[in-house]
Amino acid sequence: MNVAPRIQSYCCPACGGFIGEAAPIQSVIDAERSWVSKAILEALAKPVGKRMRRDALIEMIYQLEDEPENSVTSFNVSLHHLRRRLKGFGWMILREGSKGPVGERGACYRLIPAEVGA
């Protein structure tokens, strides 16, 4: 019988060191219903632990859709709800850097197992 693992180990993409254990990220992505939240997870999961700038994330999310005028607000709201749902799967999204406006040196985000941030 093939059974997907409930817990998977993850390593840092930069140094290769162990960063924690959590539910397999693809099962988390598959369980997500919001297309914006799914796009955020897919971008941050390649690879897990890699930092991405907010403006790069927003550009990736809306590449197939017309980017709305309030894309930053839409992104922030989706991210807030996604962060709350991820806790149940053992994941968290960290913000590193300032909350600067899009296009400037602003926030970076990365997806990591929740035990790292504890």
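The values are calculated or read from the model by the stated rules, or taken from the named source; none is laboratory data. These figures come from a predicted structure and were not determined experimentally. With ideal geometry, Cβ positions are generated from the backbone for all residues, glycine too; neighbour counts draw on all protein chains shown. Each accessible area value is taken on the protein alone, full model and side chains, heavy atoms only, with ligands, DNA and RNA left out. Shrake-Rupley method; radii C 1.70, N 1.55, O 1.52, S 1.80 Å.
Within this structure, residue 3 fails the test of being under 19 Å from residue 107 (Cα atoms) and either modelled with pLDDT under 85 or open to solvent by 20 Å² or more (accessible area, probe 1.4 Å) (or both). Looking at the stretch 26-48, which of its residues are exposed (fewer than 13 other Cβ atoms within 10 Å of the Cβ) and in a helix (DSSP H, G or I)? Matches in the stretch 26-48: 30, 35.
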